[in-house]
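> One structure, pasted below without further comment.
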Amino acid sequence: MTRDYTIKPMITADRIAARVEALAAEINAYFAGTEKLVVVGLLRGSYVFIADLARKLELPVEVDFIEASSYGSGTESSREVRILKDLRSPIEGLDVLVVEDIVDTGHTLKHVLKLLASRKPNRLEVCALLSKPSRREVEIRARWIGFEIPDEFVVGYGIDYAQRNRNLPYIGAVEFSD
């Protein structure tokens, strides 16, 4: 059962679109000349971001997904990462861009990066839409960050609370009633 809440807009759809465009330009420059860029989205929160970002990439792109979970339906990470869906294709020798919705404690992303690095990609980089540096518990380096945000629980643009609000075109802070 979810708690009662309201959503306070934090990052507008227009600001997100402009930032995605800028991130794509930087990624295009960094991976220029690649034979193929495997863009790996972390499900489910990254699906809107990866779709918008991939359409702006001017590179040979393959899209794949990993689903990892450390939250369940709560608002706090359990710090126990489970892989629920793995990649379909091998990545050995390829350039890989992991696309994450939000880097919070860093445990999920660290786990996923360790798994992918063990598969010997040529380059392995991270692009995260949001980062909460105040919540970081493990060292994680994302080459590209869309926005740094304060320690607030957020929804929208693919990010959910108990599977709700993914469809919002903006990022909003959840304010619980109780």
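The values are calculated or read from the model by the stated rules, or taken from the named source; none is laboratory data. Everything quoted here is computed from the prediction, not taken from an experiment. Glycine also receives a Cβ, built like all others from the backbone with ideal geometry; neighbour counts cover every protein chain displayed.
> Quick one: how many residues across segment 7-46 are outside any loop (DSSP other than H, G, I, E, B) and either at pLDDT below 95 or hydrophobic (A, V, I, L, M, F, W, C) (or both)?
The total comes to 20.
> Please state which one of Ile27, Ile50, Ile16 is farther than 21 Å from Asp64 by Cβ and surrounded by 18 or more Cβ atoms within 10 Å (Cβ to Cβ). Reasoning before the result, please.
Details: Ile27 fails: farther than 21 Å from Asp64 by Cβ; Ile50 fails: farther than 21 Å from Asp64 by Cβ.
Answer to the selection: Ile16.
Conditions tested, residue by residue: (1) within 21 Å of Lys56 (Cα to Cα); (2) β-branched (Val, Ile, Thr); (3) in contact (Cβ under 8 Å) with a residue 24 or more places away in the chain; (4) touching a helix residue (DSSP H, G or I) at 6+ places or on another chain (Cβ under 9 Å).
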{"site": "Leu109", "(1), (2), (3), (4)": "no, no, yes, no"}
{"site": "Leu116", "(1), (2), (3), (4)": "no, no, yes, no"}
{"site": "Asn122", "(1), (2), (3), (4)": "no, no, yes, no"}
{"site": "Cys127", "(1), (2), (3), (4)": "yes, no, yes, yes"}
{"site": "Ser134", "(1), (2), (3), (4)": "no, no, no, no"}
{"site": "Glu137", "(1), (2), (3), (4)": "no, no, yes, yes"}
{"site": "Ile140", "(1), (2), (3), (4)": "no, yes, yes, yes"}
{"site": "Arg143", "(1), (2), (3), (4)": "yes, no, yes, yes"}
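> Let me ask something additional. Working carefully through the options Ile7, Ile102, find the one that is aliphatic (A, V, I, L, M), under 18 Å from the mean Cα position of the chain (by Cα) and closer than 21 Å to Gln163 by Cβ.
Sole residue among the options that is aliphatic (A, V, I, L, M), under 18 Å from the mean Cα position of the chain (by Cα) and closer than 21 Å to Gln163 by Cβ: Ile102.
> Something else: Consider Thr2 carefully, then state whether it is part of a loop (DSSP other than H, G, I, E, B) and either in contact (Cβ under 8 Å) with a residue 60 or more places away in the chain or over 15 Å from Ile145 (Cβ atoms) (or both). I'd like the intermediate steps shown before the answer.
Details: part of a loop (DSSP other than H, G, I, E, B): yes; either in contact (Cβ under 8 Å) with a residue 60 or more places away in the chain or over 15 Å from Ile145 (Cβ atoms) (or both): yes.
Considered against the rule, which asks whether it is part of a loop (DSSP other than H, G, I, E, B) and either in contact (Cβ under 8 Å) with a residue 60 or more places away in the chain or over 15 Å from Ile145 (Cβ atoms) (or both), Thr2 comes out as yes.
> Can you name every residue in segment 134-173 that is among the hydrophobic types (A, V, I, L, M, F, W, C) and touching a Ser or Thr at 6+ places or on another chain (Cβ under 8 Å)?
Of everything in segment 134-173, those that are among the hydrophobic types (A, V, I, L, M, F, W, C) and touching a Ser or Thr at 6+ places or on another chain (Cβ under 8 Å) turn out to be Val138, Ala142, Ile145, Phe147, Ile149, Phe153, Ala162.
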